[in-house]
Amino acid sequence: MSAVKTISQYPTEYEKFSDALPGQLVSWLRLLRQDAAQHFSAHGFPSLREEEWRYTNVSAIEKKLFSPVATSEIGAVDMDSLKQHLIADAWSVVLVDGHYSASLSNLDGIPESVTVMNMASAVEQRADLLEKYFSQVVDSKEHGFVAFNTAWFSDGLFIHVPAKQVLAKPIQILHIVTQAGFMANTRDIIVLEESAEAKVIETYVGCDDAYCSAAVMEIALEQNADLTLYKLQMEGEKAYHFGGTYVKQARDSRFTHHNFAFGGLLARNDTHTDLGHASACDLNGLYLGVKRQHIDNHTRINHLQPHAISHELYKGVLNQRAKGVFQGRVLVAEQAQKTDSMMNNRNLLLSDDAEADTKPQLEIYADDVKCAHGVTVGQLDEQSVFYLQSRCVDKQTARNMLTFAFANEMVGKIKLPELHDRVLAQLLQRFPQAGIQQDWL
Amino acid sequence: MLSIENLHVSVGDKPILKGLNLQINAGEVHAIMGPNGAGKSTLSHVLSGKSGYTVTAGTVIYQGKDLLDLEPDERAREGVFLAFQYPVEVPGVSNIYLMKAALNAIRKHKGLPEVDAMDFLTLVKDKVKLLEMDEKFLYRSVNEGFSGGEKKRNEILQAAILEPSLCILDETDSGLDIDALKVVAAGVNSLRADDRAFLMITHYQRMLDYIKPDIVHVLANGKIVKSGGPELALELEAKGYHWVEEQAA
């Protein structure tokens with residue numbers, strides 16, 4: 001007589017709060033949540049046995065049993081402490097411990113036709129519209145984190161931009177976790193209707209103690225829509241982070257992603273996009289790991305229709321005992337002729353104990369395509385160090401210049417000046433030997 | 001200015017330089033010629049401090065200092081300049097920035113104030129004209145995407161700005177067409193001065209038609225086997241290196 005093995009202790013803990021979850025009166029959502037909860041109960045968080053998780057062990061999240069945050073337990077945050085993270089020239093939405101804060105958010109002057117509403121309200125007030133998109137871009141059974149998120153998300157953001165509307169300013173979503181031991185579990189949906197354009201910034205920050213943030217974002221880009229999404233993952237150094245960005249691109253749409261993963265003890269990001277006819281995606285990533293950080297980036301680009309273009313460049317700088325993982329998969333379906341795809345992953349190891357695991361995967365079923373991929377894992381080029389030394393630059397500064405130049409290529413792609421300067425400051429702060437001469441900037 | 005005595009250098013276990021002697025005085029232009037594999041580039045690398053070489057015997061005294069004791073950047077600040085045979089691309093570091101940083105490091109070392117940004121720009125633009133370069137190269141990353149000829153011009157541009165005491169040109173002429181060679185040579189000639197010495201390493205006599213050396217040396221099998229005036233270069237051009245190597249043997 002063997003006992004039934006409990007795969008995860010999370011469902012019991014989280015079901016206690018399920019009555020308080022938003023959207024429980026909306027039948028399609030209730031069913032979706034139940035289905036996802038069942039799936040999670042049966043499978044738990046992803047394990048190393050799953051191919052797409054083989055380099056990233058998330059068992060610590062299971063062991064730590066991060067609690068859900070009831071609305072009565074939301075931490076107090078004052079505006080002054082948020083200023084350092086907020087872009088001045090942007091509309092802002094702040095989520096504290098996974099719950100929307102109206103008083104900290106600022107949407108003044110946003111066009112009335114544009115919906116920017118917290119998810120807890122949207123699932124009730126815009127349920128019909130949401131049903132078209134919810135769990136449509138990513139299957140709730142994609143893996144344990146998506147199932148978990150679907151079953152028990154507490155809040156998030158819904159952005160809907162109507163056809164031809166071009167947003168004059170970016171929308172910044174600031175996620176902050178204020179308390180140790182908690183999990184912020186949020187769900188965002190962004191919909192850009194035909195020829196709409198928007199820029200969205202996601203920022204993740206939190207306290208110095210262990211917590212977890214799990215955020216799933218679904219993005220639907222209709223014909224000829226254009227989204228630039230910046231993700232600044234700057235979690236606290238003991239934090240666990242899971243972020244999933246799932247995109248569906250209709251004909252001629254464009255998606256540009258700038259994914260900066262600087263924080264967290266264990267961080268995983270998924271970026272998946274399905275490319276329609278002649279659509280384009282540009283995926284840029286930079287991960288910086290120090291100490292014992294583990295940063296995993298997983299991307300999947302599905303060329304489903306002809307003439308689409310995908311460009312991807314992920315760079316990693318790993319120091320001390322940090323580990324970086326890159327798994328990049330490009331699929332070109334049989335009918336996706338004239339696909340133009342380029343994927344690159346470059347890793348710079350600054351210490352003997354740092355590690356990079358990189359795994360590009362190309363699956364091509366069409367015969368008239370242009371696909372290229374490349375990966376490198378290396379140390380600083382000693383020839384370059386010597387060249388700079390021969391031009392009077394001391395060795396340590398030469399190494400710093402080259403490391404900085406390597407990473408700065410990705411920061412240089414940021415087109416919003418204020419954001420650029422913020423990320424640059426973050427980069428320099430986390431830069432090895434940040435104290436020494438940096439006048440080459 | 002530079003005094004090399006009985007220099008022995010190995011790479012791993014393999015001896016490359018085997019007792020090289022060379023005396024260079026201020027104002028002189030020396031050319032070192034020799035067949036491939038003779039140790040010409042090893043000499044330039046050892047003088048500029050590149051790692052990977054072991055000095056097993058001998059001394060190198062530069063302006064009264066033990067040159068081999070100094071780090072590559074210290075040598076550069078002391079006025080030793082190496083124009084690379086294969087200039088290195090440094091993505092993300094702008095050409096003009098590197099030149100300004102280098103010049104200021106040298107000035108600081110000499111106890112001079114940093115150069116004013118406007119004065120520096122005037123100076124650089126002046127030298128850019130001398131080397132018939134496009135100003136846009138100043139703002140590009142160091143050597144990134146430059147053609148072979150542009151890279152070599154860029155090396156001489158740096159020399160013109162840094163005004164070194166000892167300028168080592170490592171096969172600066174290789175891979176240049178005749179027009180580019182003339183421009184580079186004019187740049188070098190404009191730098192000739194009583195307080196500056198040149199060590200030109202070359203495989204081809206052609207360069208010496210445009211930069212007239214005072215003394216020509218033949219380096220073979222790790223040693224200088226023959227020295228003479230500019231006429232020696234012509235003799236080598238006509239007869240090849242074989243006869244010198246035989247004479248030395």
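Values in this text are rule-based calculations from the coordinates and carry no lab data. In this text the structure is predicted, and so the values were computed from the model without any measurement. Cβ: placed from backbone, ideal geometry, glycine included. Neighbour counts: every protein chain shown.
Dividing the helix sum by the residues of chain B, where each DSSP H run of 4 or more adds -39500 (n - 2.57), gives a mean residue ellipticity at 222 nm of -11500 deg cm²/dmol.
How long are the semi-axes of the equivalent ellipsoid of the protein assembly as shown, defined as square roots of 5 times the Cα gyration tensor eigenvalues? Whole Å, largest first.
61, 25, 24
When A:Met119, A:Met342, B:Met1 are arranged by Cβ crowding within 10 Å, least crowded first, meaning fewest neighbours, the order is A:Met342, B:Met1, A:Met119. When the Gaussian network model of chain B links Cα atoms closer than 10 Å, the mean-square fluctuations of B:Ala83, B:Ala159, B:Ala238 top out at B:Ala238.
Only beta bridges with both residues in segment A:10-275 are counted; by DSSP, about 10 percent of them are antiparallel.
Near B:Glu150: Cβ cut-off under 14 Å, other residues only, Lys/Arg at +1 and Asp/Glu at -1. The net charge is -3. 3J(HN,Hα) along segment A:302-308, derived from phi through the Karplus expression 6.51 cos²θ - 1.76 cosθ + 1.60 where θ = phi - 60°, amounts to 10, 7, 9, 9, x, 6, 7 Hz, with x in place of Gly and Pro. Largest mean-square fluctuation among A:Asn106, A:Asn185, A:Asn149, in a Gaussian network model of chain A whose springs join Cα atoms under 10 Å apart, belongs to A:Asn106.
Phi angles across segment B:114-130 convert, under the Karplus curve 6.51 cos²θ - 1.76 cosθ + 1.60 with θ = phi - 60°, into 3J(HN,Hα) values of 5, 6, 5, 4, 5, 4, 4, 4, 4, 4, 5, 5, 4, 6, 4, 5, 4 Hz, Gly and Pro given as x.
DSSP beta bridges fully contained in chain B are about 55 percent antiparallel. Working from label points 7 Å from Cα in the Cα-to-Cβ sense, the A:Arg49 to B:Val55 distance is 6.4 nm. Summing charges over neighbours of B:Lys40, with a neighbour being any other residue whose Cβ is under 11 Å away from its Cβ, gives -2 when K and R count +1 and D and E count -1. Database remark: amide H of A:His241 closer than 5 angstrom to the amide H of A:Ser213, A:Leu266, A:Ala267, A:Arg268 (H placed geometrically; neighbours at sequence offset of 5 or more, or on other chains; Pro and chain starts carry no H).
Distances between placed amide hydrogens fall under 5 Å for A:Ile201 paired with A:Ile171, A:Gln172, A:Ile173, A:Tyr230, all partners being 5 or more residues away or on another chain. Helix content alone sets the calculated 222 nm mean residue ellipticity of chain A: runs of n ≥ 4 DSSP H residues at -39500 (n - 2.57) each, divided across all residues, give -6000 deg cm²/dmol. On the basis of the beta-carbon distance and an R0 of 41 Å, A:Gln335 and B:Ser147 show a calculated FRET efficiency of 0.45. Sites listed here are trypsin sites (Lys or Arg not before Pro) in segment A:275-318 whose DSSP assignment is loop and whose Cβ has at most 11 other Cβ atoms within 10 Å: A:Lys291. By the count of neighbouring beta-carbon atoms within 10 Å, fewest first, A:Arg187, B:Arg153 end up ordered B:Arg153, A:Arg187.
Cut-off 10 angstrom, C-alpha nodes, Gaussian network model of chain A. Which of A:Phe158, A:Phe148, A:Phe17 fluctuates the most? It is A:Phe17. Indicate the gyration tensor shape class of segment A:123-212 (rounded, prolate or oblate), computed on the Cα atoms with a ≥ b ≥ c the square roots of the eigenvalues: a/c under 1.5 is rounded; otherwise a/b larger than b/c is prolate and the rest oblate. Oblate, since a/c reaches 1.5 and b/c is not below a/b. For segment B:237-243, putting each phi into the Karplus relation 6.51 cos²θ - 1.76 cosθ + 1.60 with θ = phi - 60° gives couplings of 4, 6, 9, x, 8, 4, 5 Hz, in residue order, rounded to whole numbers and with x for Gly and Pro. A cut-off of 5 Å between modelled amide H atoms, ignoring neighbours fewer than 5 places along the same chain, links A:Ile87 with no other residue.
Projected over all directions and averaged, the alpha-carbon convex hull of segment A:1-142 occupies 12.4 nm². Summarising the overall dimensions of chain B from its C-alpha atoms, the Rg and Dmax are 17.9, 57 angstrom. Where does the charge balance sit around A:Asn224 when Lys and Arg score +1, Asp and Glu -1, over other residues with C-beta under 9 Å from its C-beta? That works out to -2.
Rounded, prolate or oblate, given the Cα gyration tensor of segment A:10-275, with a/c below 1.5 counting as rounded? Judged from the Cα gyration tensor, segment A:10-275 comes out rounded (a/c under 1.5).
Put in order of Cβ neighbour count within 10 Å, fewest first, the listed residues A:Thr256, A:Thr186, A:Thr56, A:Thr12 become A:Thr12, A:Thr256, A:Thr56, A:Thr186. When only Cα pairs below 8 angstrom with a gap of at least 6 residues are kept, chain B shows a relative contact order of 28 percent.
Can you give the longest run of chain A that contains no GluC sites (Glu not before Pro) sitting in a DSSP loop with at most 13 other Cβ atoms inside 10 Å?
Working: sites that count: A:Glu50, A:Glu112, A:Glu334.
The segment A:113-333 is the longest one with no such site.
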